[in-house]
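Trainee: Attaching a single structure in structure tokens format; questions to follow.
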Amino acid sequence: EECLNVLRDSVSHLNFPKDEVAGLPGLRIRDRYLEAASMMHNQGKPTCLIVNDIDAGLGRFKGAQMTVNNQNVQGTLMNLCDNPEQVSLGKDWVEGGAVTRVPIVVTANDLSTVYAPLLRDGRMDKFYWEPTDEELTQMLCGLFDLDSATCRSLLAEFPRQPLDFFGAIKSRLADWEVRDWIRRVGYEGVGAQLAGPTSRVSLELHAAGLEEMVAAGRELAAEQQHVLSNNLARE
């Protein structure tokens, strides 16, 4: 399938609900919807709109101010759900009446922050991603470039952790490499290595074994528990 992204990137990255021009974000969504509909109708290609991390752009958070564009985008998406074949650009409706209906796919981490009427059955079908152990194993094999047996052992060490936890393990291993480099060059030599017209630092990460990955994972798990124990997540 060929998918047209609403803004060719994630909602939060382009920050479209907070555009300086009132009404422009909703207009962009309708414009991209019509572009996808035109491609489907004229070229016979299946298309869809993808809105990544909708909760980051439209989610309601404590202390956050609701803007006109937030309301405009919510109304635009609701209208597209209720009347997918009737789309307007500004004051005028599209000539020729009905347009080809285009599926809209959104992703989110916390849908509870999104405007509730937009989530109602009939407007949105919700699918919760719960990968199996085998799917997680395959993803870890791609993430760490390791064999299946090693990845299964790593999963067994941290059975209730989400996928991003294992991504954090990889980042932590890279952090250790950087710290080892700092110890080798000395704190006084870091500035000379990083600053200056001829400075260039290149670090090659060595292939980590299961023991190192487990150690990094346990360190991260301890940090998680520290956050929960001190109620830092509730601040």
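Matching residues to (1) closer than 16 Å to Ile50 by Cβ; (2) among the hydroxyl-bearing types (Ser, Thr, Tyr); (3) at pLDDT 90 or above:
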site	(1), (2), (3)
Val105	yes, no, no
Ala108	yes, no, no
Ser112	no, yes, no
Tyr115	no, yes, no
Gly122	no, no, no
Asp125	yes, no, yes
Tyr128	no, yes, no
Asp133	no, no, no
Leu140	no, no, yes
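Trainee: Taking the condition of being buried (at least 17 other Cβ atoms within 10 Å of the Cβ), assigned to a helix (DSSP H, G or I) and β-branched (Val, Ile, Thr), how many residues in the range 23-68 meet it?
Mentor: The number of residues fulfilling the criteria is 2.
Trainee: Name the residues in the range 59-86 that are more than 15 Å from Leu24 (Cα to Cα) and in contact with a helix residue (DSSP H, G or I) (Cβ under 7 Å, 6 or more places away or on another chain), would you?
Mentor: Correct list: Gly59, Arg60, Phe61, Met78, Leu80.
Trainee: Can you find a residue that is part of a helix (DSSP H, G or I) and among the small types (Gly, Ala, Ser) anywhere in the range 150-162?
Mentor: yes
The values are calculated or read from the model by the stated rules, or taken from the named source; none is laboratory data. Just so we're clear, the structure is a prediction, and the values are computed from it rather than from any experiment. As a convention, Cβ positions derive from the backbone with ideal geometry for all residues, glycine included, and neighbour counts pool all protein chains shown.
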